[in-house]
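Every read-out reported here was derived from the displayed coordinates using simple, explicitly stated rules and does not represent laboratory data. Nothing here was measured: the structure is a model prediction, and the numbers come from that model. FYI the Cβ positions are ideal-geometry reconstructions off the backbone, even for glycines, and counts take in every protein chain you see.
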Amino acid sequence: MKTRKLFAGFAAAALAASCMAISASATKLGDVARPSETDAAMNDAFYSIGGMAFFMSQEWSWNQSEWFGISDDGKIVIEYKISPVIADKSMSGQGTLGDMGIMINNLPDNYPFDVTISDAKFVAEDGTVTEFPDINSITQADEDPEGGFRIHIRPTDEVNEETGEVTKAACPEVAGWEVPGAFNGGTLSMTVDFGIETDDSSNSSAADGNSSKNDDSSKKDESSDKTDSSKNGDSSSKKDTSAGTSSNTTKTVSSSSSAAPADNSNVNTGAGEFAFAGLALAAAALVVSKRNK
């Protein structure tokens, strides 16, 4: 009896762990916050999201950019000009880099989020361009211990003196920029995209549908013209023309109707998986309860 209770307990724990694993996967921002004309709270939460860039030289004095808000389609475009006087307050051309990067604030608590980073680069005052391929390959926005989602660009590792753990890793593209004279200002920029689908995409789809209908109607007009012209000819050519027109119309209708159910099936499948997980967890808990009694 004890063995059965133990097995049931393990089953419930394993199922709970699997449910937690599902919830820990990356979240699409549009599922929790997006522009809304009907939900004022969600609308306000979405438009409070934004980001800033920051910079510190080897003197470790904090500097930050202006606020960059989020667009309707979930993009935050950041461009931060770091002046030479910030890099080297003595203005002797001996600027250094301690740490620079971006931070995205006011995201909901549903970390991590799906994200796409593009065009991450630094253009120095002399025009030299340094690109950051590792930053451009980021696909998941995790919560930083200091708050928000942050990207750090450092020439050296930040190490915890007590444990020896690397808390912020160095960026290989800026190695050596901690040396006086290696960093004398420039512009840091990148685009952070959380992939919000807007109504424009649905409108464009509708427009495409209308244009396809117009194409079909033009085909019908052409076929009617052909039919009218064939009246002056023999009856066999009239039959061939009408048959071809009917075939084209049938193909167009079937292709447009088969695309619609695909999206609904995906939505239903996702909901079913979560419902199944919840029912299974409840069943496992019931088994344990009965065994204990």
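Considering only DSSP beta bridges whose two residues both sit in the range 11-160, what percent are antiparallel, to the nearest 5?
Bridges in the range 11-160 that DSSP calls antiparallel: roughly 95 percent.
Determine the sum of side-chain charges near Gly195: Lys and Arg each +1, Asp and Glu each -1, restricted to other residues whose C-beta is under 13 angstrom from that of Gly195. Write out the running numbers ahead of the final one.
Working: positive: Lys28, Arg34, Lys75; negative: Asp31, Asp72, Asp73, Asp114, Asp193, Glu197.
Overall, the nearby charge balance is -3.
Subtract the Cα-Cα distance of Asp109 and Asp126 from 0.36 nm times their separation in residues, and report this length gain in nm to one decimal. Intermediate results must be reported in sequence, preceding the final value.
Details: separation 17, 0.36 × 17 = 6.12 nm, distance 4.12 nm.
Length difference between fully extended and current span is 2.0 nm.
Provide Ser25, Ser83 in ascending order of the number of other Cβ atoms located within 10 Å of each residue's Cβ, fewest first. The partial results should precede the final answer.
Working: Ser25 9, Ser83 14.
With the fewest neighbours first, Ser25, Ser83 line up as Ser25, Ser83.
Going through the range 89-160, which GluC sites (Glu not before Pro) have at most 16 other Cβ atoms within 10 Å and a DSSP loop state?
Glu125, Glu143, Glu146
DSSP loop chymotrypsin sites (Phe, Trp or Tyr not before Pro) in the range 43-105 with at most 12 other Cβ atoms within 10 Å of their Cβ, which ones?
Working: sites: Phe46, Tyr47, Phe54, Phe55, Trp60, Trp62, Trp67, Phe68, Tyr80; in loops: Trp60, Trp62, Trp67.
Loop-located and lightly packed - Trp60, Trp62, Trp67.
Calculate the spin-label point distance for Ala40 paired with Glu158, positioning each point 7 Å from the Cα along the beta-carbon direction, and give it in nanometres.
So the two model labels end up 3.9 nm from each other.
May I ask you to sort Leu107, Leu29 by Cβ crowding, counting other Cβ atoms within 10 Å and putting the fewest first?
Ordered from fewest to most neighbouring Cβ atoms within 10 Å, Leu107, Leu29 come out as Leu29, Leu107.
Return one quarter of the surface area of the convex hull spanned by the alpha-carbon atoms of the range 29-193, equal to its mean projected area, in nm².
So the mean shadow area of the Cα hull is 10.2 nm².
Can you work out the FRET efficiency for the pair Glu79 and Glu197, with r the C-beta to C-beta distance and R0 = 25 Å, to the nearest 0.05? Spell out each step's value before the answer.
On the way: r = 25 Å, r/R0 = 1.01.
E between Glu79 and Glu197, to the nearest 0.05, is 0.50.
Arrange the peptides 182-192, 160-170 so that the one whose residues have, on average, the most other Cβ atoms within 10 Å appears first.
182-192, 160-170
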